[in-house]
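The values are calculated or read from the model by the stated rules, or taken from the named source; none is laboratory data. None of these values were measured; they are calculated from a predicted model. Positions of Cβ are backbone-derived with ideal geometry, glycine not excepted, and every protein chain shown enters the neighbour counts. Remember, those area values only see protein heavy atoms, side chains included, never the ligands or the DNA or RNA. Shrake-Rupley method; radii C 1.70, N 1.55, O 1.52, S 1.80 Å.
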Amino acid sequence: GIVGLGGPIIFHLIDKDKKTIYCSNGNTPLENISEKLSLISYSLEMSENDYITANGLDNSTEHLFVHVHSNGYQNYKGLGWNLISEYEPRAYLAPVYKLRQIFLIISATILLLALIISWIIARSISKPIILLQQATKKMEDGEFKARVHIKTKDEIGQLGRAFNHMVKQLEEQ
């Protein structure tokens, strides 16, 4: 068959009497096609959709069968031919697999970036608090010259400046 969308595509062109006109996998022209293809052709004609899924003609895994029927044009009623395309699952699911792979890569990248950013934020919050805790421990041990060097202008920076002011007041007393 012809290869497309990630796998082989087999084309069956059949006439209104269910005889093969052409088959891309080598069936003899005008031979009566298998009962299986007749069932598939009938199922396609009766289906509300232009496609069905059924076991492949080689009785392998489920294949996708797409149907196009010759309707003719205006006063010409057509020949009644059908073109049936048979897709292997890897052929018609290839875009889904590719999309899944792209989605997983993007998700993993976003997760990694989120972890890195959250680690940086957590570190920026916890580091001044740890410095303040260490300075408090030094004061507990009697070292009244302990100071914290916090340069932020947020609440933690205000707390650090208040701590330094308190230490200075205690030192003066």
Extent of segment 55-152 along each principal axis, from alpha carbon coordinates, in Å, largest to smallest? 105, 36, 12
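Go ahead and run the numbers for FRET between E143 and I121, Cβ-Cβ distance against an R0 of 41 Å, rounding to 0.05.
Numbers: r = 31 Å, r/R0 = 0.77.
Working from the Cβ atoms, E equals 0.85.
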Quick one: go through segment 105-135 and flag any residue whose amide nitrogen is under 18 Å from the point 7 Å out along the Cα-to-Cβ line of D154. 114-133
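According to the Cα gyration tensor, what semi-axes, each the square root of 5 times an eigenvalue, does the equivalent ellipsoid of segment 95-173 have, listed from largest to smallest in whole Å?
Values: eigenvalues 445, 24, 6 Å².
Value: 47, 11, 5 Å, ordered largest first.
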Residue-level accessible surface for L93, protein heavy atoms, 1.4 Å, Å²: 50
Using the heavy atoms of the protein chains and a 1.4 angstrom probe, tell me the accessible area per residue for segment 53-148 in square angstrom. 75
Net charge (Lys, Arg +1; Asp, Glu -1) of residues whose beta-carbon lies under 13 Å from that of G78, G78 excluded, is +1
With DNA, RNA and ligands ignored, accessible area of E143 (1.4 Å probe; Å², nearest 10): 90
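Taking segment 54-156, which trypsin sites (Lys or Arg not before Pro) meet the DSSP loop condition and have no more than 12 other C-beta atoms within 10 Å?
Working: sites: K77, R90, K98, R100, R123, K137, K138, K145, R147, K151, K153; in loops: K77, K145, R147, K151, K153.
Within segment 54-156, the qualifying trypsin sites (Lys or Arg not before Pro) (loop, at most 12 other Cβ atoms within 10 Å) are K77, K145, K151, K153.
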